Amino acid sequence: MALQRPKGTQDHLPDGSPKLKLDTSARAFRHVTDTAARVLERSGAAFMATPVFEEAELVKRGVGGSTDIVRKEMFTVYYFGDHGGYVLRPEGTAGMVRAYLENGLKQLPAPFKLWTHGPMFRAERQQRGRLRQFHQVDYEVLGSADPLVDAEAIWLMAQVVQELGLKGVQVKLGSIGDPEDRDTYNAYLRDLFTAHLDRLSDDSKDRLNRNPMRILDSKSQEDQELIAELTVRPMLDFLGAEAAAHFSAVRGHLDAWGVEYQVDPSIVRGLDYYRRTAWELHHAHIGAKSALGGGGRYDGLAKELGGQDTPGIGWAFGIERVLIAMEEEGLSIPAAEGPVVYIAALDAEYVPLVASTTLGLRQTFWADFGYKPQKPGNAFREGERRGAAYVALIGSDEAAAGTVALKNMATGEQQNVAINELATVLGAGLSVSERTTGQ
Ligand code: AMP
């Protein structure tokens, strides 16, 4: 049997692939990143790209040593040499903040908005919407602790999914307070769970020492049953005055802008560097346990990475999960456009002229040509199949006269056009048809 892709990875396929669905369509994937680019760049976010592998230490400090991601799901890259190890990045924020600090972006006016998209890697058990290589769109703002920045970040995330046409999306908003508030909360949880130590999973026994809040995030059924029985008080009850004021300011902005959200007192983001605002984006078809995306404030991260103290906030959503949600909602993406012109030779000897004419047009237009000579009927059918706006033919008469026989596929109209005027005629024809369809 031919070799297959690794478990937990996905191919994003071109139009026309057999059995193509929206959630495996490469064009749909591009539609998501294009939509994100449009929305985010309209808000002044700059695109930045960072490596897909980073120092293991960066990921450990950035994501948190007590998280499942670091403890169980890292893809470590070994190579000859005695380096301590790189890991394939499991998320984008640590690398984005590292790059911000390392490249002196802190000197630029703050807050500074950045975005990126790309592959992330986690060695998870594969299921629908849970991959080992998946892709995220990622937005980060550095240099401001203003709640207005939090609200804008949430608004932007909601705006991207709205422009994709998704309806069944819910924003669940919470706050995980300041570090002191979390200390108080962790002490409360430690007391509470220590009394039921025998019922905790082994992982959660370990979490009890390292970071009890993480128990609430546990995927183990026994842990979740215990949590439900104990009616654990939420983190929101433990917010200090400053964190509470911040939370209510964020809510005030969202209310003023008409952003719909639900306060979810149980939100515990799985990453250690979060502070205050935390939220998740959920979708009915993805299931309660798996979010479309999530975000939060991470004021402690830059310092944790050895940089200057810099407040920050960011979010990411999973492109594959967004595509599944779009597929489930029966959404479509804008129709694929065809070439402006498809050019065919009526005889083999004119194929080189057809090719060079096409290459010249490509300075301006999407132009394509037939590699073999074709009869006019076949050339028109081929042009139609490709969705070309025009089909041009070159036979002996046209070659002698330096022209093409040009057919407008929408109107059926045909005319002879000099090769050196073809670009102008096609350009004028397109603007006429744009005007017509625009009326
Ligand atoms: P996180 O960094 O864990 O908050 O994840 C942010 C988003 O990335 C999630 O809400 C998912 O949409 C996506 N994501 C995380 N892990 C996976 C995975 N293993 N497979 C597919 N998407 C994922």
* To do: Provide the solvent-accessible area of Phe134, counting protein heavy atoms only and rolling a 1.4 Å probe, rounded to the nearest 10 Å².
  => 30 Å²
* Structure fact -> The ³J(HN,Hα) series, computed from each phi in the range 299-311 with the Karplus coefficients 6.51, -1.76 and 1.60 at θ = phi - 60°, rounded to the nearest Hz and given as x for glycine or proline, is 4, x, 5, 4, 5, 4, 8, x, x, 5, 4, 9, x
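Take Arg199, Arg42 and sort them by solvent-accessible surface of the protein heavy atoms, 1.4 Å probe, largest at the top.
Numbers: Arg199 85, Arg42 150 Å².
Of Arg199, Arg42, the descending order of accessible area is Arg42, Arg199.
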* Structure fact -> At q = 0.08, 0.10 Å⁻¹, the log10 of I(q)/I(0) for the chain from a Debye sum over equal Cα scatterers comes to -0.59, -0.81
* Name the long-range amide H neighbours of Phe53: under 5 Å, sequence gap of 5 or more, or other chain; modelled H, no Pro or chain starts. => Arg89
* Which of Ala325, Leu292, Thr93 sits farthest toward the positive end of the charge dipole of the chain, with +1 on the Cβ of Lys and Arg and -1 on the Cβ of Asp and Glu? -> Ala325
* Asked: So what does His282 come to for accessible area, using a 1.4 Å probe and Å² rounded to 10?
  -> 20 Å²
* Asked: Using modelled backbone amide H atoms (1.01 Å from N, in-plane), which distant-in-sequence or interchain residues come within less than 5 Å of Thr310's amide H?
  -> Ala302, Lys303
* Asked: Counting only DSSP beta bridges with both residues in the chain, what percent are antiparallel, rounded to the nearest 5?
  -> 80 percent
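Using only the C-alpha atoms of the range 341-429, find the volume of their convex hull and express it per residue in Å³.
Values: hull volume 7.2 nm³, N = 89.
Considering the Cα atoms of the range 341-429, their hull volume per residue is 81 Å³.
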* **the range 341-429, dipole about Cα centre (Lys/Arg Cβ +1, Asp/Glu Cβ -1), debye to the nearest 20** => 300 debye
* At 1.4 Å probe size, with every protein chain present, just tell me what the per residue accessible area of the chain comes to in Å². => 49 Å²
* Quote the accessible area belonging to Lys303 in square angstrom, nearest 10, computed with a 1.4 Å probe and with ligands, DNA and RNA left uncounted. => 130 Å²
* For the chain, with +1 on Lys and Arg beta carbons and -1 on Asp and Glu, the positive-most of Gly306, Asn378, Thr24 along the dipole -> Asn378
* Distance violations [Cα-Cα > 25 Å] among Lys60/Lys205; Lys21/Lys372; Lys72/Lys205; Lys60/Lys219 -> Lys21/Lys372
* Dipole size in debye (nearest 20) for the chain around its Cα centre, Lys and Arg Cβ +1, Asp and Glu Cβ -1? -> 700 debye
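Looking at the range 283-428, what % of its DSSP beta bridges pair antiparallel, to the nearest 5?
65 percent
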* **Mean residue ellipticity (222 nm) of the chain, computed from DSSP H runs ≥ 4 via -39,500 (n - 2.57), nearest 500** => -11500 deg cm²/dmol
* Structure fact -> The ³J(HN,Hα) series, computed from each phi in the range 15-22 with the Karplus coefficients 6.51, -1.76 and 1.60 at θ = phi - 60°, rounded to the nearest Hz and given as x for glycine or proline, is 3, x, 5, x, 6, 5, 10, 4
* Asked: Counting only protein heavy atoms, what percent of the accessible surface of the chain is carbon or sulfur at a 1.4 Å probe?
  -> 51 percent
* Between the range 145-197 and the range 111-129, the alpha-carbon center distance in angstrom -> 18 Å
* Structure fact -> Once Leu359, Leu20 are ranked on solvent-accessible area with the largest value leading and a 1.4 Å probe, the list reads Leu359, Leu20
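The values are calculated or read from the model by the stated rules, or taken from the named source; none is laboratory data. Please read these numbers as outputs of a predicted model, since none were measured by experiment. No Cβ is skipped: glycine too gets one built from the backbone with ideal geometry, and neighbour counts run over all protein chains shown. Ligands, DNA and RNA are stripped out before the accessible areas are found, and what is left, the full protein with its side chains, is counted by its heavy atoms. Shrake-Rupley method; radii C 1.70, N 1.55, O 1.52, S 1.80 Å.
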